[in-house]
Amino acid sequence: MLAQAHARAEMLHRVVDLRLGDAQHLNFPDASFDTVVATLSLCSIPDDRAAVAEMARVLRPGGRLVLLDHVASSVRPVRAVQRLLDPLLVRFEGDHLLREPEAAVRAAGLVTDELTRFKWGIVLRLTAHKPIPDKPSSPDAAIS
Ligand SMILES: C[S@@+](CC[C@H](N)C(=O)[O-])C[C@H]1O[C@@H](n2cnc3c(N)ncnc32)[C@H](O)[C@@H]1O
């Protein structure tokens, strides 16, 4: 994955600092990033809530979290199928089908700004921010 990222950065003539680490225990100080982006990762990370809590920790106040992942569907029959398949996928692929990042984001103290679901409610795109202490944040908004 890092080799691919290196190749991509070179192709785009970007200077990047790429590091390998455990998302559940990020080796960065508190409040050290403006933005955290995670795509199709929470489905694979064993403790997704710990990972989101770490993302929130390393964000500076006012910083932004951008997530895209496949999650527990908002469509009941689809979710029922996911429930059946989840134990198999977790066992053989380490891929969780019933994750609910919105709850993890809330639990980590972030405020959701935009939440979009598509593909039968399975794919979730979410942006959130870390509130600035003593500055009122608008409540969770723009859910589609
Ligand atoms: C489905 S792949 C997605 C890769 C990439 N984010 C993308 O969008 O193409 C899931 C990735 O999660 C990574 N992963 C699993 N557990 C992790 C952990 N504890 N910390 C960091 N990454 C982890 C895996 O190594 C794998 O690269």
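Remarks
- Among the residues of region 34-81, those identified as assigned to a strand (DSSP E or B), away from the ligand (no atom under 15 Å from the Cβ) and crowded, with 18+ Cβ neighbours inside 10 Å are Leu59, Gly63.
- Residues located in region 1-33, provided they are more than 20 Å from the chain's Cα centre (by Cα) and either surrounded by 11 or more Cβ atoms within 10 Å (Cβ to Cβ) or assigned to a loop (DSSP other than H, G, I, E, B) (or both): His6, Arg8, Ala9, Glu10, Leu12, His13, Arg14, Val15, Val16, Asp17
- Among the residues of region 21-31, some residue qualifies, meaning at least one is over 16 Å from Ile122 (Cβ atoms), of a type in the set (Phe, Trp, Tyr) and out of contact with any strand residue (DSSP E or B) (no Cβ under 7 Å at 6 or more places or on another chain).
- Lys119 meets all of the listed conditions (1) within 15 Å of the ligand (Cβ to nearest atom); (2) at positive phi but one, namely (1).
- Arg57 vs. criteria basic (Lys, Arg) and without any contact (Cβ under 8 Å) to a residue 60 or more places away in the chain: yes
Since every read-out is calculated from the coordinates, none of them should be taken as a lab result. In this text the structure is predicted, and so the values were computed from the model without any measurement. Positions of Cβ are generated from backbone atoms using ideal geometry, with glycine treated the same way; all protein chains shown enter the neighbour counts.
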